[in-house]
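Visitor: Before I ask anything, let me first share the structure, which is written out below as structure tokens.
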Amino acid sequence: MVVLSASPAEASESAVTTATTTPPTRVRRLRRFFLPVTYGYAALLIAVTALVAALSNSAQTKVVLHASTNLHNLLRGHFGTLFSSAFVIGDSDAALMIIPLLICALALAEMRFGSWHLVRIFLAGHIGATLLVAVGLWVAVEAEWLPMDITRAEDVGISYGAMALVGAFVVLLPSRWRPTWAITWLAVAVAGVIMGRTFTNVGHLLSVVIGLLAGYWALRTGRRTTLPRLTWSEIGMLATASVLGYMMLVG
């Protein structure tokens, strides 16, 4: 039997090809933690929260009302509040707990879905739920079911976008657990509406539905059916995101 050995030139070319097509394990691991949307959004959220916390109480109220997606602002064409409201957390004390939990949810979503898909789901929940709630409030005010004062209510925060992510995480679970995940979060959101009886609670329910629809749509189109199993660290992030979701819905 004759054993053919590669020439030095061929061996060198093969080594270069392998090195360029198969990145080292360490590089692949580092890429998983390259999360520009998570880090950028978290940095802006922390900066805005710190600036607002440094203001007087009256100034804080003005900032929050100016950034609110309430009916008063939207009817006057202040559509920039649909974005600015996502960078303001009304309660600076609560922000100390909310922001770390949110970072875990964002990081998991960006690792698993990618930066662009994370942004789409978050904005779909944040803007979609906001506009649906605004339409409902407009109808209720016009019909005199609710007082006019509700059109100037404070309405800022990250909860709608965060709840959409929680709903979309249904795609990360094994198929046998997906109905349980969906039913559980819908039940908790409905319980929040019954207990809280505010338009914000309704917005949370709508954002969960938006996230679930986004998740099931991805499954239906086959875009998220080949995701690898969750690692232990990702399971921890999912649990942390669940804590955030529970706080938002019934906390």
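The values are calculated or read from the model by the stated rules, or taken from the named source; none is laboratory data. Predicted model, so just to flag it, every value in this text is computed and none were measured. Counting neighbours? That spans all protein chains shown, and the Cβs are built from the backbone with ideal geometry, glycine included. Protein only, heavy atoms only, side chains kept; ligands, DNA and RNA dropped before computing areas. Shrake-Rupley method; radii C 1.70, N 1.55, O 1.52, S 1.80 Å.
Visitor: Return the residues of region 134-152 that are open to solvent by less than 70 Å² (accessible area, probe 1.4 Å) and out of contact with any His (no Cβ under 8 Å at 6 or more places or on another chain); say none if nothing qualifies. Break it down stepwise before answering.
Guide: First, pick out the residues of region 134-152 that are open to solvent by less than 70 Å² (accessible area, probe 1.4 Å): 134, 136-137, 139-141, 143, 146, 150-151.
Once the filter is applied, which keeps residues that are open to solvent by less than 70 Å² (accessible area, probe 1.4 Å) and out of contact with any His (no Cβ under 8 Å at 6 or more places or on another chain), region 134-152 yields 134, 136, 137, 139, 140, 141, 143, 146, 150.
Visitor: Now for a separate question. Counting only residues that are closer than 11 Å to residue 157 by Cβ and of a type in the set (A, V, I, L, M), which one in region 70-98 is surrounded by the most Cβ atoms within 10 Å (Cβ to Cβ)? Walk me through it before giving the result.
Guide: If we filter region 70-98 for residues that are closer than 11 Å to residue 157 by Cβ, which is where we start, we get 85-91, 94-95, 98.
Remaining after also requiring of a type in the set (A, V, I, L, M): 86, 88-89, 94-95, 98.
Numbers: 86: 26, 88: 23, 89: 24, 94: 14, 95: 22, 98: 22.
Taking the candidates together, the pick is 86.
Residue by residue, here is whether (1) touching a Gly at 6+ places or on another chain (Cβ under 7 Å); (2) at pLDDT below 95; (3) over 18 Å from residue 112 (Cβ atoms); (4) among the polar types (S, T, N, Q) holds:
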site	(1), (2), (3), (4)
142	no, yes, yes, no
150	no, yes, yes, no
183	no, no, yes, no
215	yes, yes, no, no
230	no, yes, no, no
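Visitor: Restricting the search to region 118-131, which residues are over 12 Å from residue 38 (Cβ atoms) and crowded, with 18+ Cβ neighbours inside 10 Å?
Guide: Scanning region 118-131 gives 121, 124, 125, 126, 127, 128, 129, 130.
Visitor: Here's something else I'd like to know. Determine whether region 229-240 contains at least one residue that is among the acidic types (Asp, Glu), in a helix (DSSP H, G or I) and either touching a residue at least 12 places away in the same chain (Cβ under 8 Å) or touching an Asp or Glu at 6+ places or on another chain (Cβ under 6 Å) (or both).
Guide: Residues of region 229-240 among the acidic types (Asp, Glu): 234.
Of the ones still in play, those that are also in a helix (DSSP H, G or I) are 234.
Still in the list and also either touching a residue at least 12 places away in the same chain (Cβ under 8 Å) or touching an Asp or Glu at 6+ places or on another chain (Cβ under 6 Å) (or both): 234.
Yes: region 229-240 contains one or more residues that are among the acidic types (Asp, Glu), in a helix (DSSP H, G or I) and either touching a residue at least 12 places away in the same chain (Cβ under 8 Å) or touching an Asp or Glu at 6+ places or on another chain (Cβ under 6 Å) (or both).
Every residue, every condition in (1) touching a helix residue (DSSP H, G or I) at 6+ places or on another chain (Cβ under 8 Å); (2) closer than 26 Å to residue 155 by Cβ; (3) open to solvent by 60 Å² or more (accessible area, probe 1.4 Å), yes or no:
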residue: 173; (1), (2), (3): yes, no, no
residue: 185; (1), (2), (3): yes, yes, no
residue: 188; (1), (2), (3): yes, yes, no
residue: 206; (1), (2), (3): yes, yes, no
residue: 222; (1), (2), (3): no, no, no
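Visitor: Let me ask something additional. Name every residue in region 72-123 that is assigned to a helix (DSSP H, G or I), aliphatic (A, V, I, L, M), more than 12 Å from the chain's Cα centre (by Cα) and closer than 28 Å to residue 140 by Cα, in order of residue number.
Guide: 74, 75, 82
Visitor: On to the next question. Of the residues that sit in region 31-64 and are in a helix (DSSP H, G or I) and among the hydroxyl-bearing types (Ser, Thr, Tyr), which one is surrounded by the fewest Cβ atoms within 10 Å (Cβ to Cβ)? Please lay out each step first, then the result.
Guide: Quick first cut of region 31-64, residues in a helix (DSSP H, G or I) only: 31-32, 36-53, 57-64.
Remaining after also requiring among the hydroxyl-bearing types (Ser, Thr, Tyr): 38-39, 41, 49, 58, 61.
Values: 38: 22, 39: 15, 41: 22, 49: 20, 58: 8, 61: 13.
Taking the candidates together, the pick is 58.
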